Amino acid sequence: MPLETITLASIYEEQGFFEEALQIYTNILKKTPDHAEALKQMKRLEKIQKNLAPFKHDALLERHYLNFIKGDYLSVENLEKWLVEWN
């Protein structure tokens, strides 16, 4: 495995590879149990995964949800579109 860093975990996460990102955070914490950033990011990602569960059956809604939590919805129209598709 390449050098496991917060940056690499972030890249995995941005590409939707949440399990890989979580594994990196876990490995960082095994080596450095008090690594505040790894712990913070791991908790945040676990929460995202938990919230994604209702959308797993619908890839489009999952994508919209991920865009929403990343702040990629810069307009009310995009937010409305996501809400309409979600309901």
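The values are calculated or read from the model by the stated rules, or taken from the named source; none is laboratory data. This structure is a prediction, so every number in the text was calculated from the model and none was measured. In this analysis, Cβ positions are derived from the backbone assuming ideal geometry, glycine residues included, and neighbour counts consider all displayed protein chains. What goes into the accessible areas is simple: the full protein's heavy atoms, side chains included, and nothing from ligands, DNA or RNA. Shrake-Rupley method; radii C 1.70, N 1.55, O 1.52, S 1.80 Å.
What to note about this one:
- Unique match (being open to solvent by 90 Å² or more (accessible area, probe 1.4 Å) and over 30 Å from VAL84 (Cβ atoms)) among LYS43, LYS70, LYS56, LYS47: LYS43
- Selected residue (only one of ILE24, ILE28, ILE11 is of a type in the set (Val, Ile, Thr), open to solvent by 30 Å² or more (accessible area, probe 1.4 Å) and either modelled with pLDDT of 95 or more or in a helix (DSSP H, G or I) (or both)): ILE11
- Contact annotation: residue pairs with Cβ atoms under 9 Å, 6 or more positions apart or on different chains, pairing a residue in the stretch 16-33 that is of a type in the set (S, T, N, Q) with a partner that is in a loop (DSSP other than H, G, I, E, B), are GLN23/MET1; GLN23/GLU4; ASN27/MET1; ASN27/GLU4.
- Test for LYS50: is it at pLDDT 75 or above, of a type in the set (Lys, Arg) and more than 14 Å from SER10 (Cα to Cα): yes
- TRP82 being modelled with pLDDT under 95, out of contact with any Lys or Arg (no Cβ under 8 Å at 6 or more places or on another chain), aromatic (Phe, Trp, Tyr) and open to solvent by 40 Å² or more (accessible area, probe 1.4 Å): no
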